[in-house]
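Before any comments, here is the structure.
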Amino acid sequence: MSTKQFDVVVIGAGPGGYIAAIRAAQLGFTVACVDEWSNAKGGAAPGGTCTNVGCIPSKALLQSSEHFEHAGHSFAEHGIDVAGLKLNLGQMLKRKDTVVKQNNDGILYLFKKNKIAFFHGRASFAGAAGEGYDISVVGAANETLSTKHVIIATGSNARELPGAPFDEKLILSNTGALAIDAVPARLGVIGAGVIGLEMGSVWRRLGSDVTILEGLPVLLGAVDEQIAKEAGKLFAKQGLKISLGCKIGAITPGKNDVSVEYVDAKGEAVTAVFDKLIISIGRTPNTNGLAAEKVGLQLDERGFIAVDGDCKTNLPNVWAVGDVVRGPMLAHKAEEEGVAVAERIAGQHGHTNFNTIPWVIYTSPEIAWVGKTEQTLKAEGIAYKAGSFPFLANGRARALGDTSGMVKFLADATTDEILGVHIVGPMASELISEAVVAMEFKASAEDIARICHAHPSLSEATKEAALAVDKRTLNF
């Protein structure tokens with residue numbers, strides 16, 4: 001078996017990995033990318049968790065389920081009468097799979113376009129080789145790759161609850177939650193984080209009676225408290241049942257259902273029976289099969305690959321990005337780190353600013369934020385001013401028929417620099433980008449307040465919230 005030589009080998013073709021490979025190729029390196037993810041037919045399916053069982057398919061189902069709910073509950077208000085509405089779940093899942101494959105194929109095209117050698121298989125360290133490393137690839141064709149630089153982008157796995165392993169039939173991870181072949185009458189979700197709320201929303205819209213059990217005493221503890229409370233009210237109005245402060249006990253799968261024993265916030269013992277149970281309690285770094293011990297690659301106490309601020313590991317010329325290292329487990333964070341590492345390998349000054357990474361929860365309404373929350377500013381003793389504006393007073397939101405939520409600005413009390421922007425409402429995922437740009441350029445709330453925004457547009461709520469920091473909104 002011959003050894004193939006490359007300047008850079010990227011292990012993992014998720015958002016961090018494939019973007020790192022592309023940027024390295026743009027910078028003139030010979031690049032290989034190795035990924036083991038396979039589709040139903042056994043073919044290569046690059047894109048990692050995000051493309052295959054995460055961001056992309058979940059957004060496809062969120063969009064489809066939202067269309068279904070609108071057709072059943074909102075179209076009549078617009079003068080659109082729908083008779084005989086029914087759900088074709090098989091077609092909905094088929095569309096989701098098509099969207100996934102389009103993204104898989106798009107990444108393979110980008111590899112070809114950028115002259116990146118792609119290997120479908122599992123990569124692991126075979127050992128050090130001079131100033132570089134040998135990487136073993138086990139797949140359809142076994143290979144050995146020799147390289148000076150290694151970028152590890154192996155992502156993360158869904159965290160299991162002790163005593164309740166995923167079978168993807170009754171006890172589901174995000175993978176199984178995206179492939180339920182019949183709408184469950186009773187759906188349980190453990191964990192009211194991003195995945196729990198998004199998957200709970202999908203199946204509630206399609207007809208499930210959804211109960212979400214959350215261990216924390218508050219909903220969305222990382223979100224600005226005012227925004228989280230507003231979101232909680234809206235979820236409850238929709239019929240999404242969320243129980244906070246739950247202590248989960250025994251989980252017992254039966255033949256066709258699963259029972260969950262828990263103690264609620266009042267201290268009462270409860271046993272709930274569900275047709276399906278989704279467990280979404282976080283994710284763990286994926287270093288399985290990497291053979292880190294062969295080269296002495298250091299992991300931290302939580303199992304993440306230990307890196308410094310530049311994503312360097314303890315080994316020379318070995319880097320790691322994305323979910324497998326510290327920091328938020330977000331696809332776009334992984335992408336930015338991938339670009340930065342490729343540029344550092346080329347002697348440039350790659351940059352990733354954790355303070356301006358946006359967060360989004362794609363429920364309806366959407367929730368998005370960047371920067372510090374009000375409770376964080378209070379805890380840190382930072383003097384600030386706050387301003388908010390409701391979508392109820394926004395003309396475009398009224399025309400859309402979705403006036404739920406608000407935009408909220410937090411600015412330094414002395415300098416007026418924007419410290420955080422928080423949105424719950426329609427298209428929050430798109431609106432937050434203006435705040436990210438503003439914060440990267442250290443803009444003030446006054447800067448946004450003085451910028452002309454198109455009318456009518458949802459973005460006017462952003463301008464009005466910035467005006468509200470100085471208590472001079474024009475439309476509320």
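The values are calculated or read from the model by the stated rules, or taken from the named source; none is laboratory data. On a predicted model such as this, the values are computed, not experimentally measured, just so you know. FYI the Cβ positions are ideal-geometry reconstructions off the backbone, even for glycines, and counts take in every protein chain you see. SASA here: full protein model, heavy atoms, side chains in, ligands and nucleic acids out. Shrake-Rupley method; radii C 1.70, N 1.55, O 1.52, S 1.80 Å.
Using only the alpha-carbon atoms, how far is helix 15-26 inclined from the longest principal axis of the chain? Give it as 0 to 90 degrees, nearest 10.
Helix 15-26 sits at roughly 60 degrees to that axis.
Take the Cα atoms of the stretch 120-188, find their three principal axes, and give me the spread along each one in whole Å, biggest first.
Answer, in whole Å and largest first: 59, 27, 18 Å.
If pairing requires two Cys Cβ atoms under 4.7 Å apart, which cysteines of the chain are left without a partner?
Here CYS33, CYS246, CYS311, CYS452 come out as lacking a disulfide-compatible partner, given the Cβ-Cβ threshold of under 4.7 Å.
Pull out a ≥ b ≥ c, the square roots of the eigenvalues of the alpha-carbon gyration tensor of the stretch 149-269, then state rounded if a/c is under 1.5, prolate if not and a/b is larger than b/c, and oblate in the remaining case. Before the final figure, lay out the partial values.
Values: a/c = 1.35, a/b = 1.09, b/c = 1.24.
Since a/c stays below 1.5, the shape of the stretch 149-269 is classed as rounded.
What shape does the chain have by the C-alpha gyration tensor, where a ≥ b ≥ c are the square roots of the eigenvalues, rounded means a/c under 1.5, and otherwise prolate means a/b greater than b/c and oblate the rest? Write out the running numbers ahead of the final one.
Working: a/c = 1.72, a/b = 1.26, b/c = 1.36.
Here the chain falls in the oblate category.
Using only Cα atoms, find the angle between the long axis of helix 460-469 and the longest principal axis of the chain, and express it within 0 to 90 degrees, rounded to the nearest 10.
Approximately 80 degrees, to the nearest ten.
Within the chain, what is the longest stretch that has no GluC sites (Glu not before Pro) placed in a DSSP loop and near at most 14 other beta-carbon atoms within 10 Å?
Values: sites that count: GLU131, GLU160, GLU168, GLU268, GLU301, GLU380.
No qualifying site falls inside 1-130, the longest such stretch.
Return the long-range amide H neighbours of ALA126 (sequence gap of 5 or more, or a different chain), with a cut-off of under 5 Å between placed amide H atoms.
Those qualifying (amide H under 5 Å, at least 5 residues apart or on another chain) are ASP134, ILE135, SER136.
Modelling each spin label as a point 7 Å along the Cα-to-Cβ direction, I'd like the SER433/LEU244 distance in nm, to one decimal.
Label at SER433, label at LEU244, 3.3 nm between them.
Give the shape of the stretch 1-82 as rounded, prolate or oblate, defined through the alpha-carbon gyration tensor: a ≥ b ≥ c are the square roots of its eigenvalues, a/c under 1.5 means rounded, and otherwise the shape is prolate if a/b is larger than b/c and oblate if not. Mind dumping the intermediate values first?
Details: a/c = 5.56, a/b = 2.91, b/c = 1.91.
Taking the square roots of the gyration eigenvalues as a ≥ b ≥ c, the stretch 1-82 is prolate.
Please go through the residue pairs LYS233/LYS266; LYS241/LYS378; LYS96/LYS408 and name each one whose alpha carbons sit more than 23 Å apart in this structure. Intermediate results must be reported in sequence, preceding the final value.
Working: LYS233/LYS266 20 Å; LYS241/LYS378 30 Å; LYS96/LYS408 33 Å.
Check vs 23 Å cut-off fails for LYS241/LYS378; LYS96/LYS408.
Defining a contact as two alpha carbons under 8 Å apart and six or more residues distant in sequence, what relative contact order in percent does the chain show? Don't skip to the end; give the middle numbers.
On the way: 1043 pairs, mean separation 66.8, N = 476.
Computed value for the chain: 14 percent relative contact order.
Given the -39500 (n - 2.57) contribution per DSSP H run of 4+ residues, what per-residue ellipticity at 222 nm results for the chain, rounded to the nearest 500 deg cm²/dmol?
Values: 14 runs with 152 residues, N = 476.
Taking each H run of at least 4 residues, the total per residue is -9500 deg cm²/dmol.
Could you tell me the distance between the Cα centroids of the stretch 329-357 and the stretch 393-471, to the nearest Å?
26 Å
Can you work out the Karplus-derived ³J(HN,Hα) for every residue in the stretch 365-379? Use 6.51 cos²θ - 1.76 cosθ + 1.60 with θ = phi - 60°, whole Hz, and x for glycine or proline.
Listing the rounded values in order: x, 6, 10, 9, 7, 8, x, 7, 8, 5, 5, 5, 4, 5, 5 Hz.
Hey, can you find the accessible area per residue of the chain for me, probe 1.4 Å, expressed in square angstrom? Can you show the working numbers first?
Details: 21660 Å² over 476 residues.
On a per-residue basis, 45 Å².
Looking at the stretch 157-235, which trypsin sites (Lys or Arg not before Pro) are DSSP coil and have at most 16 other C-beta atoms within 10 Å of their C-beta?
ARG159, LYS169
Aspartates and glutamates near LYS255 by alpha-carbon distance under 16 Å, same-chain residues fewer than 8 away left out - which ones?
Cross-link targets: ASP167, GLU168, ASP275.
Excluding same-chain residues fewer than 8 positions from LYS115, which lysines have a Cα within less than 16 Å of its Cα?
Partners within reach: LYS4.
Given the C-alpha centroids of the stretch 255-314 and the stretch 87-154, what is the distance between them in whole angstrom?
The two parts, judged by their Cα centres, are 24 Å apart.
For the stretch 204-246, what D do you get in µm² per second when you plug the Kirkwood radius from alpha-carbon pairs into Stokes-Einstein at 20 °C and 1.002 mPa s? Could the numbers behind the result be given before it?
Values: Rh = 10.9 Å.
In µm²/s, the coefficient is 196.
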